[in-house]
Every structure is written in C-alpha cells, then in structure tokens.
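Report on the structure given below.
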Amino acid sequence: DPAGPGPGQVLVRPELVGVCGSDLHLFHGHLPVSPTRGDSLYPVIQGHEVAAVVEELGAGAGAGGLSVGDRVALWPLTSCGSCYPCRVGRPSVCDAFELIGVHIDGGLAEQLVVAADHAVAIDDLAAPLGAYVEPTAVAVHALARARLEADDAVVVLGGGPVGPAGLLAGKAQGARGGAYTKLRAH
C-alpha cells in the first residue's frame with residue numbers, strides 16, 4: 001500500500017488499465033534502463049494507460065477541482081520542467097523524465113499516488129475510454145507535430161491503439177484516410 005498522498009497529490013484506485021506494446025517490451029526487458037534506477041527497471045508495477053477513481057486528496061490537491069470519488073485518466077509522464085526539452089514543450093524527451101508503470105509503480109497496483117495535476121477528471125466517461133485517453137493523446141500530439149491540415153491524407157499501418165486514435169483524430173480534423181492492418185509481403 002502506498003503512503004497517503006502528500007501536498008498536491010492524490011491517491012487513486014485504478015479501475016481499468018490498458019496494456020500497450022511498450023508494456024510488453026518492458027516486461028521482456030527490451031527497454032533501456034533508467035540512470036536513476038541503476039541497471040534495472042525492476043521491480044516495478046506496470047500500467048501507464050489508466051482510468052482510476054480518486055480515493056484521497058492531499059493538501060491543496062482539490063484546488064484543481066478534483067474531489068474524492070471523481071473518475072480520472074492519468075497523465076503518466078513527469079519531467080523536470082527546467083531542461084531545454086521541457087522549456088520548449090517537449091517533456092517526453094526530458095533527461096530526467098519518469099513514467100508511471102515504467103520508472104515508478106503504475107496502474108496495475110491496487111492504489112497509487114500521483115500528482116493532482118496528472119489526474120484529469122473524465123466525469124462519466126466509461127473506464128475503458130478513460131484508459132484510452134493516454135494513447136489518444138499520443139496520436140493527437142503526433143498529428144499536431146505533423147502539422148496536419150484539412151484534406152491531408154492519413155494512413156495508419158497496424159492495429160494498435162494509437163493508430164486508430166490517430167485515424168479518428170485526423171478525420172475529425174478534416175483529413176482523408178483509411179486503415180490498413182495487414183500488409184502482404186511480395
């Protein structure tokens with residue numbers, strides 16, 4: 001059991017956790033180790049695609065509008081906020097970033113403590129969709145980085161969760177596209 005939440009933190013109980021290809025790579029030991037954890041990422045409880053329910057608020061954690069009982073999706077990445085990548089809006093390449101379920105215990109735990117600003121209220125959104133928020137955010141971010149414009153073509157190769165989310169987000173932005181889940185070798 002984790003300690004109670006500190007100032008600016010919340011204790012959450014995961015409802016549903018998505019299993020990502022990255023989780024499988026981590027499980028099989030194919031992800032590079034973190035300098036802050038030594039020569040291994042283990043032991044760690046996996047799960048970074050998480051829909052959860054807020055069980056307890058630390059001091060000041062309710063200032064962002066969260067309440068006990070709220071259903072939330074978790075933003076899994078914590079970064080230093082001061083290095084060059086962080087300053088230019090690229091916290092995913094921060095030298096000191098940590099991911100829930102990779103570097104610190106994640107959503108397959110019965111409870112976990114996260115920063116309150118990493119718990120995003122999803123109101124009555126069903127738990128499976130709440131867990132899908134993180135892969136959808138990855139897809140939307142990729143389209144933003146690609147500077148997608150209306151009537152651009154979007155092609156998705158593969159059937160993982162990020163691809164279809166990118167296709168749907170692209171179509172919502174006016175792009176043309178289709179999904180191809182299998183390619184035949186010639």
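Annotations for the structure displayed:
- Looking across the stretch 5-29, the residues that are under 22 Å from Gly60 (Cβ atoms) and open to solvent by 50 Å² or more (accessible area, probe 1.4 Å) come down to Pro7, Gln9, Arg13.
- Verdict on Leu77 being within 24 Å of Ala126 (Cβ to Cβ), of a type outside the set (Ser, Thr, Tyr) and more than 13 Å from the chain's Cα centre (by Cα): no
Residue-by-condition table, conditions (1) modelled with pLDDT of 70 or more; (2) in a loop (DSSP other than H, G, I, E, B); (3) acidic (Asp, Glu):
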| site | (1), (2), (3) |
| --- | --- |
| Asp1 | yes, yes, yes |
| Gly6 | yes, yes, no |
| Leu11 | yes, no, no |
| Leu16 | yes, no, no |
| His25 | yes, no, no |
| Gly29 | yes, yes, no |
| Val33 | no, yes, no |
| Thr36 | no, no, no |
| Asp39 | no, yes, yes |
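- Number of residues in the stretch 159-173 that are touching a Gly at 6+ places or on another chain (Cβ under 8 Å) and surrounded by 16 or more Cβ atoms within 10 Å (Cβ to Cβ): the value is 3.
- Any hit, the stretch 125-148, residues being of a type in the set (D, E, K, R), in a loop (DSSP other than H, G, I, E, B), open to solvent by less than 70 Å² (accessible area, probe 1.4 Å) and over 30 Å from Val53 (Cβ atoms): no
- Checking each residue in the stretch 159-184 for being more than 23 Å from Ser92 (Cα to Cα), part of a loop (DSSP other than H, G, I, E, B) and at pLDDT below 85 picks out Gly159, Thr181, Lys182, Leu183, Arg184.
- Scanning the stretch 104-120 for residues that are more than 13 Å from the chain's Cα centre (by Cα) and in a loop (DSSP other than H, G, I, E, B) turns up Asp105, Leu108, Ala109, Glu110, Gln111.
- Count of residues meeting criterion [within 18 Å of Gly18 (Cβ to Cβ) and modelled with pLDDT under 85] in the stretch 140-155: 0
- Pairs, first on the phi > 0 side of the Ramachandran plot in the stretch 3-16, second open to solvent by 20 Å² or more (accessible area, probe 1.4 Å) and hydrophobic (A, V, I, L, M, F, W, C), C-beta under 8 Å, six or more apart: Gly8/Ala59; Gly8/Ala115
- Checklist (1) loosely packed, with under 13 Cβ neighbours inside 10 Å; (2) over 24 Å from Leu26 (Cα atoms); (3) modelled with pLDDT under 90 applied to Asp95, failing item: (2)
The values are calculated or read from the model by the stated rules, or taken from the named source; none is laboratory data. Here the structure is a predicted model, which means the values were calculated and not measured. Note that we place each Cβ from the backbone using ideal geometry, even for glycine, and neighbour counts take in every protein chain shown. Calculation scope for accessible area: heavy atoms of the full protein, side chains included, ligands and nucleic acids excluded. Shrake-Rupley method; radii C 1.70, N 1.55, O 1.52, S 1.80 Å.
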